[in-house]
Each structure stands twice: as structure tokens, then as C-alpha cells.
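Student: Quick one: this structure, given as C-alpha cells, is what I'll be asking you about.
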Amino acid sequence: MLCASSFGLVSCQTATPFTRIDQNPIIFRSLSPEHQLMVQQGRICEGMTKDAVFLAWGNPNTPPVRGQQDGQSYEKWVYYVYRPVPVDSVTIGIGGCYHGPWYGGGMTSSTAMIPQEAAWVEFRNNIVTAWESRK
């Protein structure tokens, strides 16, 4: 059985599978013992319900994508990680122009957090039919 782990998938979500399980015990108890174990490990597999994926991985980072394919409705959840990217920028000095550091302008460096798709899950009839994780 192919499964995916959530380790490092969504860096901006602080909740863990255990937090979501504690907040949704009825949903957790409705899962099969196999899926309960996988959720606790932050893993998913084909055949899981949307509720199980939510408990394991949390909500997707963007609104779900919904559509039709081969006459069937589908829904796709996308998860991102945020990667640091160095950014250099010019600061503007006197008169709105860059005159160098002597007139209050200069180069500055900072870090931008850029989202990068890390995983997606596709559902048909609320059941996982495909997924991919790019750790």
C-alpha cells in the first residue's frame, strides 16, 4: 500500500494529527483501525476519506479545486511548504533616486518565504483516489 507522510509538508500549520484527533474524536473513532493508525502517523493512502486526510494532514493551503473528469466530480487539495529565498533590494535615498549609501540609500538583504507545492490529494466521492508528495 502506498502512503505519504506529512513530515514537513505544511510549515505554517502548527496543529498536529494528535491535535486534530483531540478536537475531532468522533471523526477519528469512525475510521477503520488501519486508517486510525495511519492518521496518528500523519500518513495517507488511497481509499481514505476526506475526514481522514484532514486529521492526518490538516486543511489544504488553498481552497479545494473542484471539477468534472470522465463524467465524475473530483476535488483536489493542495499543500505547500514555504521555502526561504534571499532577496536583495535597493533602498531609495534623497529625492526618490538611488544615490548610493552616502545619501541614505543602499542595498539591503532580506529573506522572502516563497510557497512551493509539496503535495496534493485528489478525491472522488469523498475518497482518496490519487495523491503525490514531493518532500
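Student: Those residues that are open to solvent by 50 Å² or more (accessible area, probe 1.4 Å) and under 10 Å from residue 62 (Cβ atoms), I need them from the stretch 77-88; list them, please. Can you show your working first?
Tutor: In the first step, residues of the stretch 77-88 are kept if they are open to solvent by 50 Å² or more (accessible area, probe 1.4 Å); the result is 80, 82-88.
Hit for the stretch 77-88 is 80, nothing else.
Student: Keeping to the stretch 48-72, report how many residues are open to solvent by 40 Å² or more (accessible area, probe 1.4 Å) and within 20 Å of the chain's Cα centre (by Cα).
Tutor: Taking the stretch 48-72 as the starting set, the residues that turn out to be open to solvent by 40 Å² or more (accessible area, probe 1.4 Å) are 49-51, 54, 59, 61-66, 68-72.
Applying the additional criterion that residues be within 20 Å of the chain's Cα centre (by Cα) yields 49-51, 54, 59, 61-66.
So the count comes out to 11.
Student: Ok, one more. Which one of these is modelled with pLDDT of 95 or more, open to solvent by 70 Å² or more (accessible area, probe 1.4 Å) and within 24 Å of residue 116 (Cβ to Cβ): 23, 41?
Tutor: Details: 23 fails: within 24 Å of residue 116 (Cβ to Cβ).
So the residue among 23, 41 that is modelled with pLDDT of 95 or more, open to solvent by 70 Å² or more (accessible area, probe 1.4 Å) and within 24 Å of residue 116 (Cβ to Cβ) is 41.
Student: Cβ contacts < 6 Å: first residue more than 10 Å from residue 78 (Cβ to Cβ) and among the β-branched types (Val, Ile, Thr), restricted to the stretch 113-135; second residue open to solvent by 50 Å² or more (accessible area, probe 1.4 Å) and assigned to a loop (DSSP other than H, G, I, E, B), any location; separation 6+ or different chain. Result?
Tutor: From the stretch 113-135, the pairs are 128/46.
Student: If you don't mind, another one. Show the residue pairs meeting these rules: Cβ distance below 6 Å; 6+ apart or different chains; first residue within the stretch 61-79 and touching a residue at least 40 places away in the same chain (Cβ under 8 Å); second residue surrounded by 12 or more Cβ atoms within 10 Å (Cβ to Cβ) and of a type in the set (Phe, Trp, Tyr).
Tutor: 61/79; 61/80; 75/123; 76/120; 78/120
The values are calculated or read from the model by the stated rules, or taken from the named source; none is laboratory data. Not measured: the values here are computed from a predicted model. Cβ coordinates were reconstructed from backbone atoms using ideal geometry, including for glycine residues, and neighbour counts include every protein chain displayed. To get the accessible areas, we keep the full protein, side chains included, count just its heavy atoms, and leave off ligands, DNA and RNA. Shrake-Rupley method; radii C 1.70, N 1.55, O 1.52, S 1.80 Å.
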